[in-house]
Structure formats: structure tokens, C-alpha cells
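Undergrad: Below are the C-alpha cells for one structure; questions will follow.
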Amino acid sequence: MKITIGGIAGAGRISLADALGNRKSLNQENETNIKAAMGWIASAQDATPDGGVSMCYNVLTRKWGASYPETTGYIIPTMFVCFHATGDDEYKQRALRMADWEISVQMESGAFQSGSLDTAPRKPAIFNTGQVLLGLARAYKETKDDKYQRAAEKAATWLVESQDDDGVWRRNLSTVTTNPVHVYNTRTAWALLQAHSITAKEAYLDSAVRNIDWALTQQLDNGWFENAAFNINEYPLLHTIAYTIRGILECGIYLNNKVYIDATRKSADVLLQLQQKGGSLYGIYNSKWKNTVGWSCLVGDAQTSVIWLRLFEITQDKKYFDAARNMNQYLKSTQDLKSANQGIRGGIKGSQPIYGGYGRFNYLNWAAKFFVDALLLENELQRQIE
């Protein structure tokens, strides 16, 4: 499906899930890996008593973590994509359990908490709320059940009310970060556009645009972003760099805004040049795009693959598809398909090697989610190429 920016009105308003279509079978290519990763996510959900998805499995303690509202939120769309790709109703039912659980833990203000469910005290967080909003909006689109729209609207309204006039969120940031502003809240702006898509409330669109316009002031001429790190005096992970790029890209597609999309190409094209022969990228880059670590952040790798594939949809420039396919081959090589341990089999580590600096010794639910997204989108686009 080619998206022509500046072409037919509304042509840019295509979500990742919409782009994948409603096919009833997975392509044989990647099928084993997708099913294994989705099996891991199912195990992570079943490891909790509440319907949310466990944050992680730790190989040292051999224990699952508590449910994580933030990432459970954006796992919901992936579950629905797999439902449409396979026709397996289990994926849909699991997605609805996740969405219902999110509503049950939504704060009175409309926000969602920082950290996993066992984090105390519970404090509202902008980014986390945005990521849950992505799931609630998708649940409403799938079911037309008003409870999901109401919860989404409540969350979106709180986000708008928490934003400063210049488009920046400075209040109610995550308790596990120290940076006073987060450019990767572009994903929160994307979530507000999803809320706009189900409510038509212009306040949500205006809020998103103000944030993206500010985010672009944080982009250096070489494509690197200021304030993309979790903490002060740190260089950003590929994970948060990719968060930032993806948020701007999806907003650009939704709004049919070439300026936004061109900005993401500036960053994504640098990452193309940095990709190693084996397919991966390094886990942290400084402002001159020099790696400062020798390990790979698998979450960021998978996110970057999705970015490249989305850009291939828009531009039809095959360099993006080829880079993503190479990345996906690398990611698949890190997935254990044979372990008898359900916390390991099919999962994706935070880092490669597992003792790297991100998600050390953990298999992360959001790593599996982005891995599945990348493989599903590769399959869909491969069919179009053929």
C-alpha cells in the first residue's frame, strides 16, 4: 500500500494495523518467529492475575514482573493486528482483556501511572498515559464499545490539560526518569491523534501538532535529537531515539505533513548508514552519532525496523525495506525457539548480549511487541513487492 504524501486527501491517515490489512493467514516467512513471540506475550499475560501483561521475565530470579500499564497499552494494537492476520480469536480476546484491565486501573484524573502496577506510590505519567491511549483508541475502533471511547477521551483530555502552551509536557513526567522534558513524547502526540480519530475533537489535534512542532526544534542538522534520553547527562538509547522518530512519522502520515515525514527521513537515513553488516545497530549514540557502547538494544532495533518499513511504504525506496529485512534477520537470530522455559521461549531480550545495559537479564514485553510488529509489516510489504 503506497502512501502518497500530498496526494489524495486523507491518504496519509493509515495506521500500522490498517496497513497490514485483514489477511487471514500469516506469510510462511517469519511465521514461526511471530507465533513464538506471540506465545511469549500470552505467557506474560497469563503470568499475572489481572489481565495485564507482565513487564518482563528475569533470567536471574526466574520470575515474572508485575503487569505494566504503559506497554500493555501499546501491545493491544499488536494483538488486534495478529487477530486480523490469522483469524485466531484468542488474540482478540486477549486484547480485550488487556483493554478492560487498563480501564480498571485508570486514575480518576484520566491518567495512567508511572511504572509497573506494583510501583508505589502511584503517580500519573504523561508518556505512560499516551501509550495506553493508543490501545484504548484501537479497542474502540475494533469494538465500537463506548467504554473504550470514554476512557480514551478521559486520558486524552488529561494530556491536553497537562501540556504547556509551547507544546511541551513538563509536569507529571515518569518517576523513573530525571530529564525535565522528553522529546520522545512525540508518541504521546501520536496517541492524541488517535484520540482525534475517534472523537474529532480539535483540541487533541492541536495539542499533537504543538508538540511535534516543538520536537522538531530539538532536532540537530545531523538528525539527532536533544532531550531524547531518560536522564540528565546521558546519551539516548536507540530505543528512545526510535520512539521520537516514530511519533513524528506517524503524526506526519496522519496529517499528510511532508515536513514531519522529511524530518524523520533525516534521522532514519543516518541509521541506515550506521547499520552493521549483521543487521543490528548499537544501543546508544551521542550527538555525533558515535556509538558509546558495544551492545545492541534489541527493542530499538525492532522499532527502527518498523520505521524503515513505514518509510518504504511512503517512498517505495527499497533501501528501507532491505535494511529492515536485514535487521529482522538479526533479531530472529537472537530469539530462542527451543527453551523449555516459557519466560524465555519466543521472547526478546532487552539487550544483546543479555547482560547489556538496557533491560539487563530481562526478556521484555515491549521487545516482543515491536519484534512482532516488524515481522508482520515485513511480510505484508513483501507480498506487495511480489
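Undergrad: Within segment 162-175, how many residues are at pLDDT below 95 and exposed (fewer than 13 other Cβ atoms within 10 Å of the Cβ)?
TA: Looking only at that region, the number is 0.
Undergrad: Another question, if that's okay. All but one of (1) under 20 Å from PHE112 (Cα atoms); (2) modelled with pLDDT of 95 or more; (3) assigned to a loop (DSSP other than H, G, I, E, B) hold for ALA189, so report the exception by its number.
TA: ALA189 satisfies every listed condition except (3).
Undergrad: Still on this structure, please answer the following. (1) over 18 Å from the mean Cα position of the chain (by Cα); (2) closer than 27 Å to CYS56 by Cβ; (3) of a type in the set (A, V, I, L, M, F, W, C): which one isn't true of ILE314, the others all being true?
TA: (2)
Undergrad: Scanning for something without any contact (Cβ under 8 Å) to a residue 60 or more places away in the chain, at positive phi and buried (at least 17 other Cβ atoms within 10 Å of the Cβ), does segment 275-293 turn up at least one residue?
TA: So far as segment 275-293 goes, yes, one or more of its residues are without any contact (Cβ under 8 Å) to a residue 60 or more places away in the chain, at positive phi and buried (at least 17 other Cβ atoms within 10 Å of the Cβ).
Undergrad: With respect to ASN256, is the statement that it is at positive phi and without any contact (Cβ under 8 Å) to a residue 24 or more places away in the chain true?
TA: no
Undergrad: Could you tell me which of the residues THR86, THR32 is at pLDDT below 95 and under 21 Å from GLN342 (Cβ atoms)?
TA: Criteria check complete, one pass: THR86.
Undergrad: Now for a separate question. Within segment 257-272, can one find any residue that is among the polar types (S, T, N, Q) and farther than 26 Å from ASP164 by Cα?
TA: For segment 257-272, residues among the polar types (S, T, N, Q) and farther than 26 Å from ASP164 by Cα: present.
Let's see how each residue does on (1) assigned to a helix (DSSP H, G or I); (2) under 14 Å from TYR57 (Cβ atoms); (3) of a type in the set (D, E, K, R):
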| position | (1), (2), (3) |
| --- | --- |
| LEU337 | no, no, no |
| ALA340 | no, yes, no |
| ALA367 | yes, yes, no |
| LEU377 | yes, no, no |
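Undergrad: Among ALA229, ALA268, which is aliphatic (A, V, I, L, M), in a helix (DSSP H, G or I) and touching a residue at least 40 places away in the same chain (Cβ under 8 Å)?
TA: Result: ALA268 is the single residue among ALA229, ALA268 that is aliphatic (A, V, I, L, M), in a helix (DSSP H, G or I) and touching a residue at least 40 places away in the same chain (Cβ under 8 Å).
Undergrad: Looking at ARG325, is it in a helix (DSSP H, G or I), farther than 21 Å from GLU226 by Cβ and out of contact with any Gly (no Cβ under 8 Å at 6 or more places or on another chain)?
TA: When the stated conditions are applied, ARG325 passes them.
Undergrad: Being touching a Leu at 6+ places or on another chain (Cβ under 9 Å) and either of a type in the set (Asp, Glu) or assigned to a helix (DSSP H, G or I) (or both) is the filter here; which residues of segment 53-78 pass it?
TA: Of everything in segment 53-78, those that are touching a Leu at 6+ places or on another chain (Cβ under 9 Å) and either of a type in the set (Asp, Glu) or assigned to a helix (DSSP H, G or I) (or both) turn out to be PRO69, THR71, GLY73, TYR74, ILE76, PRO77, THR78.
Undergrad: Any chance segment 315-326 includes a residue that's more than 29 Å from ILE261 (Cβ to Cβ) and either of a type in the set (Phe, Trp, Tyr) or without any contact (Cβ under 8 Å) to a residue 40 or more places away in the chain (or both)?
TA: For segment 315-326, residues more than 29 Å from ILE261 (Cβ to Cβ) and either of a type in the set (Phe, Trp, Tyr) or without any contact (Cβ under 8 Å) to a residue 40 or more places away in the chain (or both): absent.
Undergrad: Pick from SER174, SER197: which is small (Gly, Ala, Ser) and assigned to a loop (DSSP other than H, G, I, E, B)?
TA: Working: SER197 fails: assigned to a loop (DSSP other than H, G, I, E, B).
From the options SER174, SER197, the qualifying one is SER174.
Undergrad: Out of ALA263, ALA215, I need the residue that is over 17 Å from the mean Cα position of the chain (by Cα) and surrounded by 24 or more Cβ atoms within 10 Å (Cβ to Cβ). Which one? Can you show your working first?
TA: Working: ALA263 fails: surrounded by 24 or more Cβ atoms within 10 Å (Cβ to Cβ).
Selected residue: ALA215, the only one of ALA263, ALA215 that is over 17 Å from the mean Cα position of the chain (by Cα) and surrounded by 24 or more Cβ atoms within 10 Å (Cβ to Cβ).
The values are calculated or read from the model by the stated rules, or taken from the named source; none is laboratory data. Since this is a predicted model, take the numbers as computed values, not measurements. Neighbour counts run over all protein chains shown; Cβ positions are idealised from the backbone, glycine included.
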